[in-house]
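*Asks:* Please read through the structure below; I'll follow up with questions.
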Amino acid sequence: MRTRLTPMFRQYFEVKNRYPDCILFFRLGDFYEMFFEDAEEASRILDIALTSREAGGGQRAPMCGVPVANAAPYIRRLIEAGKKVAICEQVEDPREARGLVRREVVRVITPGLFVDPEGLSDKESHYLCALRPGKRWGLAVLELSAGQFRAAIFEDRRELVNEVFRLEPRELLLPENAPEDLRRELREGLPGLAFTPLPAAAFSEARARELLSEHFGVEDPAGLGFAEIPEALSAVGAVLEYLLENEREALGRISPPRPYFPGDYLVLDEATKRNLELTRNQFDGSVRHSLLWVLDRTRTAMGGRTLRHWLLYPLKDIAAIRSRQEAITTLLEDATLREGLAGALSRIPDLERLATRCALRLAGPRDLVALREALAALPEVRDLLAGKEGLISEIRERLSDFSHLEERLRRTLLDEVPATAREGGLVRPGVHPELDELRDLKENALRYLAEIEERERRRTGIPNLKVGYNRVFGYYLEVTKSHLSRVPKDYIRKQTLTNAERFITPELKEFEARVLSADERIRELEYEIFLGLREAVSGEAERLRQAARALGELDALVSLAEVAEENRYVRPEVVPEPGIEIVEGRHPVLERVLPAGSFVPNTVRLDPEEARLVLITGPNMAGKSTVLRQTALIVLMAHTGAFVPAESARIGLCDRIFSRIGASDELSRGRSTFMVEMAECANILHNATERSLVILDEIGRGTSTYDGLAIAWAVAEYLHEKGALTLFATHYHELTELARELPAARNYNVAVKTWEDRIIFLYRLQPGPASESYGVQVAALAGLPREVVERAREILSALERKAAAEPPPRPPAGRDHPRQLSLFDPYLPLREKLLAVDPEELTPRQALNLIFELRDLLVKSGL
Ligand code: ADP
Ligand code: MG
């Protein structure tokens, strides 16, 4: 069947066979056409009409198409639907082609190589990652739209997985033989992630060297810093190979890859990032009510991306933290400087992505105009920063001088330009002599046309004769029906309309040829001039990106200073020795959400010798989780160099922040929660050090009371022994006993007041365990019927009398020393089981089963 295809369809299949996994956009004139299965799929996704076309041998090919000039939104939708799109262009001029025009795929757009500004969010990075499993794991990270490229190694899989969760890439390249469960794990955390398997050979250090030397002029990657981390280099190789196949233009036109060292940053695992709501809330996944939402006042896209990056990569280097603090202090103290910068920054478009769009030859005239605006604002920023020290002066130095480029753009391009470069109307007069001449001719020609019209009217006596133009036969003279009798002999009839006829004359045709060639030549010249400009920018792309990144940092610093001033944050003292002291700290988000002045600040101290395990008890809704989270957020903010919501704070450098929220507190996720809870706990126990901050909120809830308490107890003991700084909020009142036995464990509770039958929440942390059980009051508050509340109160006091009368049961022996465990009622499970059944409802068989179960329980608990 294929042998009888038309030549065009033969060509189509030659191309399509090389890109079987892509939707092929096949250029035909002003359209990209899709055929066969591609057409069927795309017409469904894009909701466009499916037609068909003769494919040869009597068979018809299903077909649909989108206009080339407006293809971007369609491509965007296909990418969002998880497809890849291969763009196949005509690579020779149809007018010069003999036979069929040659066509080639010029780029493949994949989820990770997607750079359409309309489809990217300005303040978020959009990553493609390549992952090389092994004894050590290599990871390469490309942000194509910003031209950023970096790579790292990870000692084990968990670290690597954490990093992938932190980056939230759109697409992940991995070897075909990568473990299946790894994919599963990643997919679970990142449901939108596209996996692209590559042959294992693509992950090659040698190939990376070759491509780096060929396209980036890097003779030895050791010079870039990859000497000790070859695994990272082989991940880089896979990215380069992928670019070679899909986006050739990028090779050598993005920044060369740089190593980065995950050990330089605080480790934040996925659960912590999620629980602390750093960049998105857990309710609907948007930025609202996240930490970023409070801190982000950035004016530029670069600033937004930088600040987000800072929150996800808190520093571990005191000098670097302090230099950000210094810069914020400078900006805080100088309101004029801050306001001046805010004004200048708000006029700066996304320089980093604009420069990269030029380098990738994707930029249009309006991108160049936007870039010109960015450059025009630079001198003002530099002037404002003059005479400052430290980080600010470093940033100033990275803002190179681009006045020559700005000047050239200003001189060449009109103030306002059209969206596309092919139709002319971009270049100022006086830039190019030939262009000026042609434009002159065109303009005079218009006048000349008017003259012809006037002259012919006089000659023929037809008052409404007019000159017009159409695409089919060019310029014509139009005469209405009523005047046809006056048409002279030298007019040649071309077209008859209902009310008029159209004619041409030799004179008009000759004139037309001159004008039309001028038009075309003008378009050609303007396009060439545009390309020259774009290349000039492209040549500076790397320096432009450096400047853009410096602006991003500046913007982030200004933002942090503004937020600090407005919310009365203080500069935390960050010190090398472990320990945390936050005086009158506040929750940065909650204090903004609650009515002004209603948030109650709290003081938290964690000390390796005196109080490294702090247990917080109190009734539901008392504010336990809030204290925990605010502590973690303040510690994290301190490590980013930001100021913090407190009266004062002294924060010892941490290596990790862990947080685990008990299963039933985790509202938004429907995972097998207890298992997840325990897996995360295991991770904490394995990895926490005496430099880690651990936040445990109600762990052990996901299982029965007994189990849960036992686990919570053992976990707390273990962390105390390891020396991690731990805040542990719990509803297990029994755990408060720990403070009596462990030397550095302390009890705190969140104060409440009872008043009549009510609880008044004070939200104030105070030393000591919570004294009473408030469950019954909370139940009353929640509106349980009066009788039920009273009955519960009776039962409670009966239970309390019983507990007071009986001697505490013997504690089980710990590993080294016997431990005191009170309030453990060994018959509790039995009692719970029995009270849960209604004997009236039992079938004989169920009754028998129950007896077996109860007996089992007795045997298991050794009674
Ligand atoms: P718990 O974990 O003890 O059940 P939460 O920390 O979840 O309690 O707090 C419950 C609610 O109490 C919060 O949503 C908030 O509205 C309020 N709250 C908590 N802490 C404070 C505080 N320090 N000041 C004012 N309101 C608070
Ligand atoms: Mg809570």
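The values are calculated or read from the model by the stated rules, or taken from the named source; none is laboratory data. From a predicted model like this one, the values you see are computed outputs, not experimental measurements. Cβ atoms come from the backbone with ideal geometry, glycine included; neighbour counts cover every protein chain shown. All accessible areas refer to the heavy atoms of the entire protein, side chains included, with ligands and DNA or RNA removed. Shrake-Rupley method; radii C 1.70, N 1.55, O 1.52, S 1.80 Å.
*Asks:* At a threshold of 8 angstrom on Cα-Cα distance, excluding pairs fewer than six apart, so keeping six or more, what relative contact order does region 117-264 reach in percent?
*Replies:* Details: 257 pairs, mean separation 43.8, N = 148.
The normalised contact order for region 117-264 reaches 30 percent.
*Asks:* From the backbone phi of region 507-519, what are the Karplus-calculated ³J(HN,Hα) couplings (6.51 cos²θ - 1.76 cosθ + 1.60, θ = phi - 60°) in whole Hz, Gly and Pro given as x?
*Replies:* Coupling constants for region 507-519: 4, 5, 5, 4, 4, 4, 4, 5, 5, 5, 5, 5, 4 Hz.
*Asks:* Rounded to the nearest 0.05, what FRET efficiency do Asp436 and Asp30 give with R0 = 30 Å and r taken as the Cβ-Cβ distance? Could you check? If you can, show how the numbers build up before the last one.
*Replies:* Numbers: r = 30 Å, r/R0 = 1.02.
It comes to 0.50.
*Asks:* Using θ = phi - 60° and the Karplus curve 6.51 cos²θ - 1.76 cosθ + 1.60, what whole-Hz ³J(HN,Hα) does each residue of region 593-598 get, with Gly and Pro shown as x?
*Replies:* With the stated coefficients, region 593-598 comes to 8, 6, x, 3, x, 8 Hz.
*Asks:* Ok, one more. Based on DSSP, what percent of beta bridges with both residues in region 117-264 are antiparallel, to the nearest 5?
*Replies:* Values: 12 of 22 bridges.
About 55 percent, rounded to the nearest 5.
*Asks:* Could you state how much accessible area Arg357 has, in square angstrom rounded to the nearest 10, with a 1.4 Å probe and all protein chains kept in place?
*Replies:* 40 Å²
*Asks:* Which order do you get for His309, His587 if you rank them by accessible area with a 1.4 Å probe, largest at the top? All intermediate terms of the calculation are to be shown ahead of the outcome.
*Replies:* On the way: His309 60, His587 25 Å².
So the residues, ranked largest to smallest area, are His309, His587.
*Asks:* With Cβ to Cβ distances under 15 Å as the rule, what net charge do the other residues near Ile684 carry (K, R +1; D, E -1)? Could the numbers behind the result be given before it?
*Replies:* Numbers: positive: Arg158, Lys273, Arg274, Arg612, Arg656, Arg660, Arg691, Lys722; negative: Glu159, Asp269, Glu270, Asp655, Glu677, Glu680, Glu690, Asp697, Glu698, Glu717, Glu721.
Within the 15 Å Cβ shell, the charges total -3.
*Asks:* Whole number in Å², please: accessible area per residue of the chain, 1.4 Å probe, ligands, DNA and RNA not counted.
*Replies:* On the way: 40510 Å² over 863 residues.
Heavy-atom accessible area per residue stands at 47 Å².
*Asks:* Under a Cβ-Cβ cut-off of 9 Å, what is the net charge of the residues other than Pro608 that fall near it, where Lys and Arg count +1 and Asp and Glu count -1? If you can, show how the numbers build up before the last one.
*Replies:* Values: positive: Arg612; negative: Glu577, Asp607, Glu609, Glu610, Glu690.
With Lys, Arg at +1 and Asp, Glu at -1, the neighbours total -4.
*Asks:* What is the Cα centroid distance between region 21-71 and region 240-262, reported in whole angstrom?
*Replies:* So the two Cα centres are separated by 32 Å.
*Asks:* Report the full-extension gain for the segment Val583 to Thr329: residue separation times 0.36 nm, less the Cα-Cα distance, to one decimal in nm. Walk me through the intermediate numbers first.
*Replies:* On the way: separation 254, 0.36 × 254 = 91.44 nm, distance 2.01 nm.
Taking 0.36 nm per residue and subtracting the Cα distance, the gain is 89.4 nm.
*Asks:* Could you tell me how many degrees, from 0 to 90 and to the nearest 10, lie between the Cα long axis of helix 318-333 and the main elongation axis, the longest principal axis, of the Cα atoms of the chain?
*Replies:* Roughly 70 degrees between the two axes.
*Asks:* Let me ask another. Which peptide among 41-50, 201-210 comes first, and what is the full order, when sorted by highest mean count of other Cβ atoms within 10 Å?
*Replies:* Top of the packing list down: 201-210, 41-50.
*Asks:* Next question, about the same structure. Using the beta-carbon distance between His483 and Glu14 and R0 = 60 Å, what value does 1/(1 + (r/R0)^6) give for FRET efficiency, to the nearest 0.05? Before the final figure, lay out each step's value.
*Replies:* Numbers: r = 58 Å, r/R0 = 0.96.
Efficiency, from the Cβ-Cβ distance: 0.55.
*Asks:* Now, a different point. For Glu454, what accessible area in Å² do you get when you roll a 1.4 Å probe over the heavy atoms of the protein chains, rounding to the nearest 10?
*Replies:* 80 Å²
*Asks:* A further question follows. How much length is gained if the chain between Leu784 and Leu857 is pulled fully straight, taking 0.36 nm per residue apart and subtracting their Cα-Cα distance, in nm to one decimal? Provide the component values of the computation, followed by the final result.
*Replies:* Values: separation 73, 0.36 × 73 = 26.28 nm, distance 3.30 nm.
Net length gain for the segment: 23.0 nm.
*Asks:* Follow-up question, since we're still on this one. How many angstrom separate the Cα center of region 517-556 from the Cα center of region 310-356?
*Replies:* Cα centroid to Cα centroid, the span is 26 Å.
*Asks:* Principal axis extents for region 433-507, Cα atoms only, whole Å, descending order, please.
*Replies:* Reported extents, whole Å, longest axis first: 47, 27, 19.
*Asks:* Which of the peptides 605-615, 219-229 is most tightly packed, and how do the rest follow, judged by the mean count of other Cβ atoms within 10 Å per residue? Can you show the working numbers first?
*Replies:* Values: 605-615: 19.7, 219-229: 14.9.
Sorting 605-615, 219-229 by mean packing, highest first, produces 605-615, 219-229.
*Asks:* Taking all protein chains together and a probe of 1.4 Å, list Lys84, Lys135 from the most accessible to the least accessible. Mind dumping the intermediate values first?
*Replies:* Numbers: Lys84 40, Lys135 190 Å².
Listed by decreasing accessible area, they come as Lys135, Lys84.
*Asks:* How much accessible surface does Trp310 have with a 1.4 Å probe, in Å² rounded to 10?
*Replies:* Its accessible surface works out to 20 Å², give or take rounding.
*Asks:* Once you put a point 7 Å from the Cα of Arg455 and another 7 Å from the Cα of Arg521, both along the Cβ direction, what distance in nm separates them?
*Replies:* Placing both labels 7 Å beyond Cα along the Cβ direction yields 2.2 nm.
*Asks:* Scan around Leu413 for amide H atoms under 5 Å from its own, H built in the peptide plane at 1.01 Å from N, and keep only partners 5 or more places away or cross-chain.
*Replies:* Hits under the 5 Å cutoff: Arg428.
*Asks:* When the accessible area of the chain is split by element with a 1.4 Å probe, what percent falls to carbon and sulfur?
*Replies:* Details: 20690 of 40510 Å².
So the carbon and sulfur contribution to the accessible surface is 51 percent.
*Asks:* Asp490 label point, 7 Å along Cα→Cβ, cut-off 18 Å on backbone N: hits in region 448-466?
*Replies:* 448-462, 465-466
*Asks:* For Asn747, list long-range residues whose amide hydrogen, built 1.01 Å from N in the peptide plane, is under 5 Å from its own amide hydrogen.
*Replies:* Placed amide hydrogens put Leu615, Gly768 under 5 Å from Asn747.
*Asks:* Once the Cα atoms of helix 844-860 and of the chain are each reduced to a long axis, what angle between those two axes, in degrees from 0 to 90 to the nearest 10, is obtained?
*Replies:* For 844-860 against the chain, the angle is about 70 degrees.
*Asks:* Here is a follow-up. In terms of the ratio Rg/(2.2 N^0.38 Å) built on C-alpha atoms, what value belongs to region 27-87?
*Replies:* Details: Rg = 11.6 Å, N = 61, 2.2 N^0.38 = 10.5 Å.
Rounded to two decimals, the normalised Rg is 1.10.
*Asks:* Right, another one. In square nanometres, what is one fourth of the surface area of the convex hull spanned by the alpha carbons of region 117-264? Intermediate values should be presented prior to the final figure.
*Replies:* Values: hull surface 34.3 nm².
Mean shadow area of the hull around the Cα atoms is 8.6 nm².
*Asks:* Tell me which residues come under 5 Å, amide H to amide H, from Arg764 once H is placed; ignore anything under 5 positions away on its chain.
*Replies:* Ala751
*Asks:* Okay, next question. What list of ³J(HN,Hα) couplings, whole Hz, do you get for region 617-634 from phi and the Karplus terms 6.51, -1.76, 1.60, once you set θ to phi - 60° and write x for glycine and proline?
*Replies:* 10, x, x, 3, 6, 7, x, 5, 4, 5, 4, 4, 5, 5, 5, 4, 5, 5
*Asks:* So if R0 is 51 Å, what FRET efficiency would Ala227 and Val593 give, r being the distance between their Cβ atoms, rounded to the nearest 0.05?
*Replies:* On the way: r = 49 Å, r/R0 = 0.97.
In this case the efficiency is close to 0.55.
*Asks:* Note down the relative contact order for the chain as a percent, whole number, built from C-alpha pairs under 8 angstrom at least six residues apart. Please report the intermediate quantities before stating the final value.
*Replies:* Numbers: 1475 pairs, mean separation 76.7, N = 863.
That works out to 9 percent.
*Asks:* For the chain, what D do you get in µm² per second when you plug the Kirkwood radius from alpha-carbon pairs into Stokes-Einstein at 20 °C and 1.002 mPa s?
*Replies:* Values: Rh = 32.7 Å.
Diffusion coefficient, whole number: 65 µm²/s.
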